[in-house]
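These notes are about the structure you will find just below.
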Amino acid sequence: MTIQVFGHKSPDTDSTGSPILWAWYLSEVKGEQAEPVLLGEPNTEAAFMLQRWDLPKPRIIEDVETDAPVVIVDTNNPAELPANINNADIRAIIDHHKLVGGLETKGPIDITVRPLACTATIMIDLMGDDAAKMPEAVKGAALTCILSDTLEFRSPTTTEHDREVAEKLAADLGLDISAYAADMFAAKSDVSSFSDAELIRMDSKEYEVEGTKFRVSVLETTAPGVVLDRKDSLAQSMVEVAKEDGVDQVLLFVVDILNEEATLLVPNDLVKSVAEKSFGASVDGDTVVLPGIMSRKKQIIPNLKV
């Protein structure tokens, strides 16, 4: 049977590109049948990556069949995976997030979780010398993943190893990192065609704090004003999304990539309290700027308090 390789729901660049990397490795190097698949439509930056490197968009699946062989990448959280995941035949997990718990496997498996900024970096390490065999398009996808997850090395999750791997890939491809990243971030920032609900869900993760369930949404952009101009309608949609998704509150952070800060929408007293207790912020109005806040994984989630 073909091994399906996939990342989390609401696939960002890493959860779109890393399945492509690992499916290539399994198929072309290890001689196993493997297919990259997605758990939803890729975001605008991921779509840019596919077009720029002439990569076919992976097939989108709703669920996995019982006993279907799968490899999970860029997550280990059952809430971000297909409903039937614990009945699938999970062969491996490759990730760079904290362990959440809840996944069950049918036997011992390979698990690699490393404190690096990007799953693609881990994969290149795991490939060893075989990484040199990657075709240009796959190398391009890997570079895009790393620059996306590190926000071109601005994110506090960035390690020196992520930078070294990205610089080697860029040299192999003959690319200027700054120019290429600018094109990536321009694609990521073009959100004009998305509804408020789509924006809220585009890059979001569910997280519970002391019994309060949050959908923590992050929009990374070089044009924060375009998003913040929609703050009133976004605040209304946050209520509807929370109700539909079974959470108590949506937290929406608009990350300004160039100025290295986040703006949190503050629609009510709960979010005001979260901003004050979590980030020591002084809130006056319906938004609050959080200087230096760039990473949901390293700076937002670990600090959330209600």
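Where a number appears in this text, it was derived from the coordinates with a stated rule and is not lab data. What you are looking at is a predicted structure, and each value in this text was computed from that prediction instead of being measured. Positions of Cβ are generated from backbone atoms using ideal geometry, with glycine treated the same way; all protein chains shown enter the neighbour counts.
Could you tell me how many of the residues in region 5-59 are small (G, A, S) and over 26 Å from S195 (Cα atoms)?
5
If you scan region 252-287, which residues turn out to be touching a residue at least 24 places away in the same chain (Cβ under 8 Å) and among the β-branched types (V, I, T)?
Across region 252-287, the qualifying residues are V254, V255, I257, T263, V274, T287.
From V239, V216, V274, V226, grab the single residue that is surrounded by fewer than 17 Cβ atoms within 10 Å (Cβ to Cβ), touching a strand residue (DSSP E or B) at 6+ places or on another chain (Cβ under 9 Å) and not small (G, A, S).
Result: V239 is the single residue among V239, V216, V274, V226 that is surrounded by fewer than 17 Cβ atoms within 10 Å (Cβ to Cβ), touching a strand residue (DSSP E or B) at 6+ places or on another chain (Cβ under 9 Å) and not small (G, A, S).
Taking region 47-72 on its own, how many of its residues are of a type outside the set (A, V, I, L, M, F, W, C) and touching a Phe, Trp or Tyr at 6+ places or on another chain (Cβ under 9 Å)?
2
Do the conditions hold for E208, that is, is it without any contact (Cβ under 8 Å) to a residue 40 or more places away in the chain and not polar (S, T, N, Q)?
When the stated conditions are applied, E208 passes them.
Return only the number of the condition from (1) in contact (Cβ under 8 Å) with a residue 24 or more places away in the chain; (2) farther than 25 Å from S15 by Cα; (3) not hydroxyl-bearing (S, T, Y) that D229 does not satisfy.
The failed condition is (1).
Taking region 127-160 as the region of interest, how many residues are within 14 Å of Y25 (Cα to Cα), buried (at least 17 other Cβ atoms within 10 Å of the Cβ) and of a type outside the set (G, A, S)?
4
Looking at K106, K98 in this structure, which one is part of a loop (DSSP other than H, G, I, E, B) and within 20 Å of the chain's Cα centre (by Cα)?
K98
Do you know which residues across region 109-139 are part of a loop (DSSP other than H, G, I, E, B), of a type in the set (A, V, I, L, M) and touching a residue at least 60 places away in the same chain (Cβ under 8 Å)?
Selection gives M134 alone.
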